[in-house]
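Notes follow once the structure below has been shown.
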Amino acid sequence: EDLDPSPQRSQAPLQSSMKSSRVAAQVVHKMSAFPRSYRLQQPKVLQQLRQPQQQRSYQMQRRHAQHFPASALGGASPTLVAKLSPYSNAPSLFGNHRCKTTVVGNDSWSWEFRLEDSVPGRENMLLGEFDLPTALKQPEGIRDFFQPPVQHLYTGASPLLDKSSAQTLRDLARVLRFFSDLEERALALVHEDRVMEAVLLITSRWQLQGEATCPLMQLVAQRNMRDRAPAYGMLASGLLGPIAMIPAVLLANEAIVRRVGAYGGLVESTPSGYDLMIASMKHHFVRAMYDPPRIVKLQEHYSLPEDLELSTLEEAFEEHSLAKLVEGSLGDDI
């Protein structure tokens, strides 16, 4: 039967090929019947397929901004690297609100700034996200924390914090004064050998509000799995029983002690061992599980003279001295 040269057997492959051609022609005909608007959406689909590659490129940019040395740039500016993500359509690095994401890094911290537009009631709020460093040199590490956000605010990074009106300049001056007072308080803690309390203070989830509780800016610490590992390990071991919890607690304690030492928090004469323990547990364990915002209503702490003219505010903006026009100080309850 395999060698049967009958006409029916020789025509079987030809009939199958013709049937496949008819099916393909029907599919092409049906696709051509789709509306033109649907066919024009094909580039959007291709753009979504390329999105993971863009995200990987963006992550490489963040790592580059974190580790690029300042000497390689040939400048003395505290800001080492500032890059735009692939999602940004801004024609320049700074200077307009079309920039969606800006990455700024220095020797100690890596920052990412963008405008919040996904949460109702927080439109145009400036969101500053930073990675927790593996080591800090004190007191330079505390000073380096404030340099990127302050410098970025002077670029007109948000419609709520720019020089478009007197009100936005007043809000910007209050935000800058808040950073100045927070830096002064953190450096005072460092000089008292209370480094972990200073790190706990500056890495809080600050939310700065203007008039009518309008959010102006929020600072968020981006914790990766390495930062959360001690907390997750202790939590998982607690579910397995007390025997499994003992080695997990010992390992988590060793990891936390090493990180506190890398931050410069282990000194010979600690003012308060209890405060050091509480600050270390809050920073490495509690906030790794739950980090609520710390809301600061700026108008309750800071004020500007009512007769301050717009030209004076604009001149201070150009000279980067807006914080000096603000009266008041950060409350002791903050």
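The values are calculated or read from the model by the stated rules, or taken from the named source; none is laboratory data. Note that the structure is predicted; figures quoted are calculated from it, not measured. Heads up, the Cβs are rebuilt from the backbone with ideal geometry, glycines too, and the neighbour counts pull from every protein chain shown. Accessible surface areas use protein heavy atoms only, side chains included; no ligands, DNA or RNA. Shrake-Rupley method; radii C 1.70, N 1.55, O 1.52, S 1.80 Å.
A few comments on the model shown:
- Meets criteria (farther than 21 Å from M217 by Cα, among the aromatic types (F, W, Y) and within 27 Å of the chain's Cα centre (by Cα)) for F285: yes
- Among the residues of region 176-207, those that are closer than 22 Å to F113 by Cα and either without any contact (Cβ under 8 Å) to a residue 24 or more places away in the chain or over 16 Å from the mean Cα position of the chain (by Cα) (or both) comprise L176, R177, F178, F179, S180, D181, L182, E183, V199, L200, L201.
- Any hit, region 309-326, residues being part of a helix (DSSP H, G or I), in contact (Cβ under 8 Å) with a residue 24 or more places away in the chain, under 19 Å from Q207 (Cα atoms) and open to solvent by 30 Å² or more (accessible area, probe 1.4 Å): no
- Annotation note: of M225, M289, M281, the sole residue that is under 21 Å from L136 (Cα atoms), open to solvent by 80 Å² or more (accessible area, probe 1.4 Å) and not charged (D, E, K, R) is M225.
- Near pairs, Cβ below 8 angstrom, 6+ apart or cross-chain, from region 215-242 (touching a residue at least 60 places away in the same chain (Cβ under 8 Å) and closer than 30 Å to P120 by Cβ) to any residue that is loosely packed, with under 15 Cβ neighbours inside 10 Å and among the small types (G, A, S): P215/G121
- If you go through region 208-249 and keep only what is β-branched (V, I, T) and not in a helix (DSSP H, G or I), you end up with just V220.
- Residue check, L266 in a loop (DSSP other than H, G, I, E, B), among the hydrophobic types (A, V, I, L, M, F, W, C) and over 19 Å from F178 (Cα atoms): yes
- Subset tally (residues that are over 15 Å from M196 (Cβ atoms) and surrounded by 15 or more Cβ atoms within 10 Å (Cβ to Cβ)) for region 252-278: 1
- If only residues of region 133-183 that are under 30 Å from L266 (Cβ atoms) and touching a Gly at 6+ places or on another chain (Cβ under 8 Å) are counted, the one that is most open to solvent (accessible area, probe 1.4 Å) is K137.
- All conditions in (1) part of a loop (DSSP other than H, G, I, E, B); (2) in contact with a Leu (Cβ under 9 Å, 6 or more places away or on another chain); (3) open to solvent by 50 Å² or more (accessible area, probe 1.4 Å) hold for D193, with the sole exception of (2).
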